[in-house]
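The values are calculated or read from the model by the stated rules, or taken from the named source; none is laboratory data. Quick caveat, the model's predicted, so the values are computed rather than measured. Neighbour counts run over all protein chains shown; Cβ positions are idealised from the backbone, glycine included. Only protein heavy atoms, including side chains, enter the accessible area calculation; ligands, DNA and RNA are left aside. Shrake-Rupley method; radii C 1.70, N 1.55, O 1.52, S 1.80 Å.
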Amino acid sequence: QKEVEQDPGPLSVPEGAIVSLNCTYSNSAFQYFMWYRQYSRKGPELLMYTYSSGNKEDGRFTAQVDKSSKYISLFIRDSQPSDSATYLCASLTQGGSEKLVFGKGTKLTVNP
Amino acid sequence: DVKVTQSSRYLVKRTGEKVFLECVQDMDHENMFWYRQDPGLGLRLIYFSYDVKMKEKGDIPEGYSVSREKKERFSLILESASTNQTSMYLCASTPGGRNLYGYTFGSGTRLTVV
């Protein structure tokens, strides 16, 4: 079983929709959780990160981690065509090596 | 802003050629990484380095080697390119120490081996 599982989609939504992107992980030692956004023909860029369980909000984006169920979520409110990209979740252990473990990515298209 | 620069955006090479992919970062980062990204497989770690002249194998090192002679530069070498190495290659760096999430990626090199 891969350490971080992510539904690859693709996901297509109308502009203004609420988007929910999800990952599950298997390694209980993961403490740091990140979401990266990757536009076509570009490298991934860090969108949000959280430590341990809880929510973190940044504008239209909310990252949520539930360690009891090993579930990572990213919510996008009022989605825009400019949000169309591939979203990758990633996890990291605390005190371990600095190798991020990535999900495979979910391709999102927001239609005007 | 930290910049991670990969020398080529697109590269076409022949089977059996020795291929060098170059990556340079300009913020004195300790750690550097090479990934390849393929549809349906996601990002896979090839090699990484925590310091000059140090290297460690990632998940798929076969057919690749790396060189880190200077802190800012991390090179990926395909000793004898094969068609199954056609992929998008991404370089990343992080400051190291307690900064556990500051991965900065380059824009990638799309390599085609024919």
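Brief remarks follow.
- Test for A:ASP58: is it out of contact with any Phe, Trp or Tyr (no Cβ under 7 Å at 6 or more places or on another chain), open to solvent by 70 Å² or more (accessible area, probe 1.4 Å) and touching a residue at least 60 places away in the same chain (Cβ under 8 Å): no
- Of the strands (runs of 3 or more DSSP E) that lie entirely inside segment A:49-109, those containing 3 or more residues that are closer than 25 Å to A:PRO10 by Cβ span A:61-66, A:71-76, A:85-93.
- For segment B:1-10, residues that are open to solvent by less than 50 Å² (accessible area, probe 1.4 Å) and part of a strand (DSSP E or B) total 2.
- Residue within segment A:69-92 that is within 22 Å of B:PHE48 (Cβ to Cβ), loosely packed, with under 15 Cβ neighbours inside 10 Å and touching a residue at least 24 places away in the same chain (Cβ under 8 Å) present: no
- Some residue of segment B:73-82 being within 11 Å of chain A (Cβ to nearest Cβ) and either more than 19 Å from B:VAL113 (Cα to Cα) or crowded, with 20+ Cβ neighbours inside 10 Å (or both): no
- Some residue of segment B:80-90 being modelled with pLDDT of 95 or more, within 12 Å of A:GLY43 (Cα to Cα) and in contact with a Pro (Cβ under 9 Å, 6 or more places away or on another chain): yes
- Among the residues of segment B:88-114, the ones that are more than 14 Å from chain A (Cβ to nearest Cβ) and surrounded by 15 or more Cβ atoms within 10 Å (Cβ to Cβ) come to 1 in all.
- Residue count for segment A:21-36, restricted to those that are surrounded by fewer than 14 Cβ atoms within 10 Å (Cβ to Cβ) and either more than 22 Å from B:GLY102 (Cα to Cα) or β-branched (Val, Ile, Thr) (or both): 1
- Identity of the residue in segment B:43-56, away from chain A (no Cβ under 11 Å) and charged (D, E, K, R), that ends up surrounded by the most Cβ atoms within 10 Å (Cβ to Cβ): B:LYS55
- Among residues of segment B:26-37 that are within 9 Å of another protein chain (Cβ to nearest Cβ), those with a beta-carbon under 6 Å from a residue that is open to solvent by 10 Å² or more (accessible area, probe 1.4 Å) and among the aromatic types (Phe, Trp, Tyr) at least six positions away or on a different chain give the pairs B:ASN31/B:TYR50.
- Taking the criterion of being modelled with pLDDT of 95 or more and either within 10 Å of the chain's Cα centre (by Cα) or over 24 Å from B:LEU11 (Cα atoms) (or both), no residue of segment B:48-63 qualifies.
- Scanning segment A:24-35 for residues that are more than 8 Å from chain B (Cβ to nearest Cβ) and aromatic (Phe, Trp, Tyr) yields A:TYR25, A:PHE30, A:PHE33, A:TRP35.
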